[in-house]
Amino acid sequence: MVVSKQQKEFTSISELKQIENLMNILESRLLNFQQMLLKLDSRRGILNFGGTILQTLFGIATVSELHMLHETLDELKSKDVDIAHSLANQVTYVKSLDHTVRVNADVILNLSTILKNEMIQSYDKYQQVIRDIAWLNMTIYNQCFIFGD
């Protein structure tokens with residue numbers, strides 16, 4: 001019951017691998033998208049007004065919008081690195097927890113074996129005491145008949 005409760009609290013290794021694969025796919029897509037974007041050029045300042053008109057008429061992106069898009073992509077990259085770092089920490093934690101659980105399972109097995117042996121020895125001693133009491137009872141009972149008459 002405790003094991004099933006603990007299993008619900010932790011993410012499984014297969015789920016972590018799926019998350020890691022998804023992160024790799026997203027990272028590659030983000031990198032491809034970033035390479036497709038135009039790099040900002042400071043010489044284009046003269047054309048900003050024309051770009052605003054073109055954006056209004058045809059929906060073309062302006063330099064400021066491209067700049068905002070680059071900033072957003074940089075933020076996404078930063079968050080992607082944070083997520084990858086957190087995932088690595090979680091995998092390390094799960095491996096450490098797995099080792100701890102195995103050690104605890106071995107300790108519990110050892111203690112249960114010791115307890116079982118002690119119980120068997122106690123039962124054997126109990127049986128011996130019962131036999132001794134029964135023998136003593138019979139001896140006293142027989143002595144009563146021998147010396148009581």
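Here, each number is a calculation from the coordinates, and none is a lab measurement. Treat the numbers as computed from the prediction; the structure is a model and nothing was measured. Positions of Cβ are generated from backbone atoms using ideal geometry, with glycine treated the same way; all protein chains shown enter the neighbour counts.
Only one of (1) within 29 Å of the chain's Cα centre (by Cα); (2) within 30 Å of residue 26 (Cα to Cα); (3) aliphatic (A, V, I, L, M) is not met by residue 108, so which one is it?
That leaves (2) as the condition not met.
What are the residues in region 72-126 that are surrounded by 11 or more Cβ atoms within 10 Å (Cβ to Cβ) and of a type in the set (Phe, Trp, Tyr), if any?
Once the filter is applied, which keeps residues that are surrounded by 11 or more Cβ atoms within 10 Å (Cβ to Cβ) and of a type in the set (Phe, Trp, Tyr), region 72-126 yields only 93.
Of the residues 132, 124, 74, only one is under 33 Å from the mean Cα position of the chain (by Cα) and of a type in the set (D, E, K, R); which? Break it down into steps so the answer makes sense when it comes.
Values: 132 fails: under 33 Å from the mean Cα position of the chain (by Cα); 124 fails: under 33 Å from the mean Cα position of the chain (by Cα).
Matching residue, one of 132, 124, 74: 74.
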